[in-house]
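Colleague: Dropping a structure here in structure tokens format, bear with me for questions.
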Amino acid sequence: MPQALSFASPEDLEAAFYDAIAHGDADLLMQFWADDEQIVCVHPTGVQLTGLAPIRDSWLSIFRSTRLRVQARSIAHWHGTIMAVHHLTETLFVGADPSPHGPLHVTHVYLRGPQGWRLISRHASAADNSHQAMAEAVPHTLH
């Protein structure tokens, strides 16, 4: 049985998470998740998966069909002693195609336990920044 991985920080875990995606390693990727049937992963398609088995099966399916490289950019981090939330923007590169796909807005929620930090939730959705541009263009008046 492989020795359980331990991460001293959510940032360390996040770096390892993206490395596992780049290598298409679903088994390694699943070691970053909490051992809890309430973990949640929402892929950009909107499909919500709950529990280790469905999440693992989805990543296996993704890695069987293509190779991914992800460029993640941190937007905001909130850290407590046992919980952390990271919001990022991801740009995807699929297979040998050099053109970027995305961006995606991604939120990771981490929980610190006896084995170090673990991922308990990942939510990824397609970015639609047109609403943000509209909101910034409209004058705001406070009454």
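The values are calculated or read from the model by the stated rules, or taken from the named source; none is laboratory data. Not measured: the values here are computed from a predicted model. Every residue, glycine as well, gets a Cβ built from its backbone with ideal geometry; the counts of neighbours run over all protein chains shown.
Colleague: Given the options ALA124, ALA96, name the one that is assigned to a strand (DSSP E or B) and either loosely packed, with under 12 Cβ neighbours inside 10 Å or at pLDDT 90 or above (or both).
Modeller: It is ALA124.
Colleague: Let me ask something else. Scan (1) surrounded by 14 or more Cβ atoms within 10 Å (Cβ to Cβ); (2) closer than 19 Å to TYR18 by Cβ; (3) at pLDDT 95 or above; (4) of a type outside the set (Asp, Glu) for the single condition LEU52 breaks and write down its number.
Modeller: (2)
Colleague: Among the residues of the range 85-109, which ones are aliphatic (A, V, I, L, M) and within 13 Å of the chain's Cα centre (by Cα)?
Modeller: VAL85, LEU88, LEU92, LEU104, VAL106, VAL109, listed by residue number.
Yes/no matrix, rows are residues, columns are (1) surrounded by 14 or more Cβ atoms within 10 Å (Cβ to Cβ); (2) in a loop (DSSP other than H, G, I, E, B):
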site: GLU37; (1), (2): no, yes
site: PRO44; (1), (2): yes, yes
site: TRP78; (1), (2): no, no
site: VAL85; (1), (2): yes, no
site: THR91; (1), (2): yes, no
